[in-house]
Amino acid sequence: MEQTISPTADRRPTWQIWLLVVGGAVAWLIAYNLIQPLANWLTFRVIGLQEGSHLGEAVAFFLYDVPKILLLLSGMIFLISTIRSFFSPERTRELLGGKREGVGNILAAGLGVLTPFCSCSAVPLFIGFVEAGIPLGVTFSFLIAAPMVNEVALVMLFGLFGWQVALLYLVAGMSIAILAGIVIGRLHLERYVEDFVWNIKGGNGTVALTTPTWPERFAMAWENTREIVGKVWLFVVLGIAVGAGIHGYVPEDALAGILGREAWWSVPMGVLLGVPLYSNAAGVIPVVQALMAKGAALGTVLAFMMAVVALSLPEMIILRRVLKLPLIATFVGVVASGIILVGYLFNLLM
């Protein structure tokens, strides 16, 4: 994957670029802390809705969450894109090459968290990993962790629910990725990889990469932030609208009865509801927030969220180009089972 550097990235002195970045961070913090009072002022003073009413609570939730989520999304994508400029698929494959089972799965899951590749990258990454001689189970640990432990969702969970929930999400996602990769590796399912993948011959594996300067890294991060936010903002708004409706109108008792810890079938139901849905992490977080506010159990909600981001139908369709149906079915079954177990465990512990 070749990194594109903006032609204007190095026109200003480095100190000016750093000054702009630091100033932008300060402005971001100020704006983030003003969202709550501004949303309440607009809802209950300007619009004139009654506090405590269904409509008032839904509108306040919407006006609060839209700027909050978009600010979190923009800030975190910029930060993560800057970090991501230190990684590439070639370097990732180089780090994973030659690692034995266990160590390779742990390292692959960790790199999956640090190197955020979207589902559209699944096929070229899979081919590249196989071409580099990385074991199938290690490859799947990476492919599972990359979407499941989404770094944007991780930071947004930290901002919305605190470090405990974010840490649970991180540990659960990585555990599923590591264990599922080990299970798939030990099943020896290489015969269910499409034949053309094994026949692809790579080069010598050396890639000439220039090290970007800090202004170039920031320029790439800014362009990446603009591109991603431009593509997902509508999903974010739609997700928040759904969350606002749940927050304002869905009775707490009814939702807790469906997705609460008392119902033994709530966790598999959450996974079943999540698998056919398609949303990015930013779009599903507002729904998660509303569900938890209405009394849904933490384990059930996390299981729902992980099923949405890790077992999405588009990714399965994309992976079908390189995997045969038995391997895709095994992948879905192993990951779904891991998510269900984690959901039950969190419901028991929390």
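The values are calculated or read from the model by the stated rules, or taken from the named source; none is laboratory data. Since the model is a prediction, treat every value here as computed from it, not as a measurement. Backbone-built Cβ (ideal geometry, glycine too); neighbour counts: all protein chains shown. The area values use the complete protein model at the heavy-atom level, side chains included, leaving out ligands, DNA and RNA. Shrake-Rupley method; radii C 1.70, N 1.55, O 1.52, S 1.80 Å.
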Rough spin-label spacing in nm, given labels placed 7 Å along Cα→Cβ, for Leu19 and Ile317: 5.0
If you stretched the chain out fully between Leu348 and Phe86, how much longer would it get, using 0.36 nm times the residue separation minus the C-alpha to C-alpha distance? 90.4 nm
Could you state how much accessible area Glu190 has, in square angstrom rounded to the nearest 10, with a 1.4 Å probe and all protein chains kept in place? 60
Using a 1.4 angstrom probe and counting only protein chains, how large is the accessible area of Leu325 in Å², to 10? 110
Using a 1.4 Å probe on the protein heavy atoms only, what accessible surface does Lys294 show? Give it in Å² to the nearest 10. 30
